[in-house]
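Data block below; observations after.
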Amino acid sequence: MNGSDEVVPAPAGPPHPLDWKFSQVFGERTAGEEVQEVDIISAIEFDKSGDHLATGDRGGRVVLFERTDTKDHGASRRDLERMDYSISRHPEFRYKTEFQSHEPEFDYLKSLEIEEKINKIRWCLTANGALFLLSTNDKTIKFWKVQEKKVKKISEMNIDLSKSMGNGCIASSSNSSSSRPYLANGGSPDRSFNYISNEFSFPPGGIPSLRLPMVVSSHESSLVARCRRVYAHAHDYHINSISNNSDGETFISADDLRINLWNLEISSQSFNIVDVKPANMEDLTEVITSAEFHPTHCNMLAYSSSKGSIRLVDLRQSALCDSHSKLFEEQEAPGSRSFFTEIIASISDIKFGKDGRYILSRDYMTLKLWDINMDSGPVATFQVHEYLRPKLCDLYENDSIFDKFECCLSGDGLRVATGSYSNLFRVFGCAPGSAEATTLEASKNPMRRQVPTPSRPSRSLGNSLTRVVRRGAEAPGVDANGNSFDFTTKLLHLAWHPSENSIACAAANSLYMYYA
């Protein structure tokens, strides 16, 4: 209303499936090139603006990329689209800088090696043109500031060398009663250079060959990464998650049994807010696998467990949040239990949607979308690895069943994505009525493994809270090309741009980027 004549269009049907195109690759391998273990990417994260992307690897390095295609126009792509600005270029990033975040350590008390591998990266609020981010390995979290600094140089001396009398010139003092010679820089030949004589006085007209170097800031600048804080010695078990709070001041870190709350400015102490460690470790039945703050409510967070459940916690209820405010889990079908049931039910990653209404979770077989207002079960389930069910014994033998795949949601909340084997990743539509289920490969031709997926009638999850099940390409035991799956090449890490349909994903040491 508000006095305007703007007509609100009627809600359209489900969005059309996206046509994904290759954008860029960083660190592409040549055929037959051996991948170094330390170069394998282990974390990917866009910042909130989408203009910066960070990756971490097993060698403890953090590499930053910055977006370049919007700088020419001076506005974001979305703003330009609103103005009907024609943009023919796809999203482009360039290498910005890299730094060594973590080094290998050794815990002498427990006789354990602590590897330098980066487990998670999270961007913090920017300030004064500087970038801030958190990175963690298994035990230690670090807070980094990355800033452009002007390169300081020593300028030429501040006198005209052609008029100087030379450094070795001897000047006599007319005011001094002694005939002691003085060097042009004020020193005395028979005294040490750092000794200043009380008898010394400047000759008339000064000393023409006095030379003072000047430090000046040049027009050149360099990026400097500086570690501002180190948050250490707070976790007995391996850190699996870190998450920033929307208040911009605090963050959480989670390991198998505990979640700690930190203030960014205080590295000497943290508060333990969740502790699932039993009095007797033999009674341990589940562990924490992932934790994340609500995107807008600073008092709410969610964490997942190895039993396939998600707990929503309200920090206002008590200082120790062992009792959850909501529990999300799916009841298993009677008679379906097997040796592998608990293993494949373990949730490897959870993500809140941008508005905080939905939570996306990834277990070994499926993606599940949960409505935080409905704790009876997921509102949508997307089958990712159902075709692997007959091979669970083999997957258990080669430990592939314990692989931890990440998941992500699009900024508009209409689609979800996750990785798979053979460097494949899958994109599903989760809008009401959508049957989108796309399989892509992390290569320069992402659609080459694409096969038509039969459309399935799906119920709305916006109007009625009924559950839907969507399946990807499901040729049992083979990929979309008919080849047997390669369990050694797996796409574990991927991230969706916060405001555009652009995905960054890691295949070993290569970073692939796609847009639609």
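Cα centroids of region 329-397 and region 413-449: how far apart, whole angstrom?
17
Please state the shape class of region 265-307: rounded when a/c is under 1.5, otherwise prolate if a/b exceeds b/c and oblate if not, all from the C-alpha gyration tensor.
oblate
Tell me, what is the 1.4 Å probe accessible area of Met214, in Å² to the nearest 10?
90
Hey, got a sec? Which GluC sites (Glu not before Pro) in region 297-335 land in a DSSP loop and have at most 15 other Cβ atoms within 10 Å?
Within region 297-335, the qualifying GluC sites (Glu not before Pro) (loop, at most 15 other Cβ atoms within 10 Å) are Glu332.
In nm, give the distance between the simple-model label positions of Lys110 and Glu98, each being 7 Å from the Cα along the Cα-to-Cβ direction.
Spacing of the two 7 Å Cα→Cβ label points: 2.9 nm.
Considering only protein heavy atoms, what is the solvent-accessible area of Phe382 at a probe of 1.4 Å, reported in Å² to the nearest 10?
0
Cα gyration tensor of region 277-381, axes a ≥ b ≥ c as square roots of the eigenvalues: rounded (a/c below 1.5), prolate (a/b > b/c) or oblate?
oblate
Could you report region 252-382's accessible area per residue, 1.4 Å probe, as an integer in Å²?
Value returned for region 252-382: 43 Å² of accessible area per residue.
Apply the a/c threshold of 1.5 to the C-alpha gyration tensor of region 219-280 and tell me whether it is rounded, prolate or oblate.
Taking the square roots of the gyration eigenvalues as a ≥ b ≥ c, region 219-280 is prolate.
To the nearest 10 square angstrom, what accessible area does Lys120 show with a 1.4 Å probe?
The accessible area comes out at roughly 30 Å².
The values are calculated or read from the model by the stated rules, or taken from the named source; none is laboratory data. Given the structure is predicted, the values throughout are model-derived calculations rather than measurements. No Cβ is skipped: glycine too gets one built from the backbone with ideal geometry, and neighbour counts run over all protein chains shown. We work out accessible area using only protein heavy atoms, side chains counted, and drop any ligands, DNA or RNA first. Shrake-Rupley method; radii C 1.70, N 1.55, O 1.52, S 1.80 Å.
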